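A short worksheet on the structure shown next.
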Amino acid sequence: MRNALTILCILLLLPACNQGTKRIPANDLEQVLREMFLTDVILERSETLKILADSTLVYPPILDKYGYTTEQFMATMNYYSTRPTRFKSMLSRLRKSLDEERTLYNEQLTLKEEQRALVERFNNWLRDSVADKHDLVLKQSLKQILPYDPSREQEWSVDRDSLYKAQPLRILAVVDTTSRRDSIPLYLERPKPFKPRGMVTIKLD
């Protein structure tokens with residue numbers, strides 16, 4: 001499968017098919033090229049799709065999505081072939097936009113990996129058979145809330161709330177990311193001892 005850049009280079013060498021064909025506006029063309037590039041990336045990363053894919057089948061639906069035809073796309077490419085500076089500027093903006101999207105995606109992916117690692121750490125702590133007295137009490141409390149079943153291990157959720165209701169209305173303990181101890185939900189922390197401020201004497205007749 002030829003990638004989108006190769007297709008565009010070939011189209012730049014083609015003469016205009018129809019001089020009266022309406023060109024695609026610059027803003028829409030950027031969106032069309034963006035989807036073409038992303039489609040190529042997906043196809044190139046899949047061996048099966050790369051073998052089966054054909055540019056004549058993949059690109060027309062993208063153009064149709066924005067209400068344009070192949071003839072309009074070719075006429076637009078012929079127009080930009082005589083204006084390389086404009087086309088280069090458009091591709092630069094498109095590349096910057098894609099780089100920003102990739103950066104944002106990588107940040108979100110990193111956050112999810114960190115959350116997954118935190119959940120795994122909590123699950124390992126829960127399954128650990130060697131624990132001090134304080135941790136043992138917390139684990140027993142957790143197991144009362146969420147009975148352990150080796151054949152059907154429950155999934156834990158990372159949330160800022162202290163409780164998470166899962167269907168059917170079953171309350172599951174979760175990792176509270178605002179807790180001082182990231183492996184123990186706040187509501188399972190040991191309560192502080194109560195100390196009365198003064199003594200009250202009651203006399204009964």
Cβ density ranking, 10 Å radius, fewest first, applied to Thr21, Thr76, Thr39 yields Thr21, Thr39, Thr76
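Order these by the 10 Å Cβ neighbour count, fewest first: Ile42, Ile24, Ile62. Don't skip to the end; give the middle numbers.
On the way: Ile42 12, Ile24 23, Ile62 19.
Taking fewest neighbouring Cβ atoms as first place, the list is Ile42, Ile62, Ile24.
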Given a Förster distance of 22 Å, the FRET efficiency implied by the Cβ-Cβ spacing of Asp64 and Lys96, rounded to the nearest 0.05, works out to 0.25
Subtracting the Cα-Cα distance from 0.36 nm times the residue separation, let me have the gained length for Thr103 to Leu136 in nm, one decimal. 7.6 nm
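Go through 109-116, 27-34 and give me the packing order, highest mean Cβ count within 10 Å leading.
Output ranking for 109-116, 27-34: 27-34, 109-116.
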Provide the per-residue ³J(HN,Hα) series for segment 85-101, in order, calculated from phi with Karplus coefficients 6.51, -1.76, 1.60 and θ = phi - 60°, each as a whole number of Hz, with x at glycine and proline positions. 5, 5, 5, 5, 5, 5, 5, 5, 5, 5, 5, 4, 5, 5, 5, 5, 5
Summing +1 per Lys or Arg and -1 per Asp or Glu among the other residues with Cβ less than 14 Å from Ala75's Cβ gives +1
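All of the numbers you see were taken from the coordinates with simple rules; none came from a lab. Computed from a predicted model, the values in this text were never measured in an experiment. Note: ideal-geometry Cβ built from the backbone for every residue, glycine included; neighbour counts use all protein chains shown.
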